[in-house]
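The next block holds one structure in the form of structure tokens; read it before the comments.
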Amino acid sequence: MATRRIKPTLETQFHIDYSWWERDDKDLQVYLISHLPPEKQTLFSPGAAQDDTEVDWVDPDTAEVKKVNQLQMALQEASQAEDFITTNTSLVDSVFRAFLANNNTPLTPMELGETVGRSPETILRTLSGKQVYQGIRPITG
């Protein structure tokens, strides 16, 4: 599969490319669970009773109603906590969490810098290299 390479700038929008997880045979669910508080992680540990029932979730910004599963609901709840993104959270995890918190709405390094409290230039350098971190990629096309 040919991919189009672009030279991202501080104004380039990024997002989580969930298809990257599928192409690279990564376990997205395990990574998502790692972003939950420890007491919630145990609910999704191997062997825990899992209910795939979907529930209605109302987007607080748009009032749009979406169907989400229990993990998605737990992530939305976790993303509202003040300590979801801290200075102790790695840069890549902080950026990933910013996208989790905003429903993967594309953001520029400038916007991400404001959200995660890190330098937009550092975010750009990290995300625009050859390595793709956790599926965070620039919007192309």
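Taken together, the values in this text are just the output of simple stated rules run on the coordinates, not laboratory data. This structure is a prediction, so every number in the text was calculated from the model and none was measured. No Cβ is skipped: glycine too gets one built from the backbone with ideal geometry, and neighbour counts run over all protein chains shown.
Structure above, values below:
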| quantity | calculated |
| --- | --- |
| Between 0 and 90°, nearest 10: helix 70-79 axis offset from the chain longest Cα axis | 60 |
| Crossing angle, helix 91-101 versus the chain [Cα axis fit, 0-90 degrees, rounded to tens] | 60 |
| Calculated [θ] (222 nm, deg cm²/dmol) that DSSP helices of n ≥ 4 give over the chain, each run adding -39,500 (n - 2.57) | -10000 deg cm²/dmol |
| Count of Lys pairs (Cα-Cα under 23 Å; at least 8 positions apart or interchain) in the chain | 5 |
| Relative packing of 120-128, 32-40, which averages over residues the other C-beta atoms within 10 Å, highest first | 120-128, 32-40 |
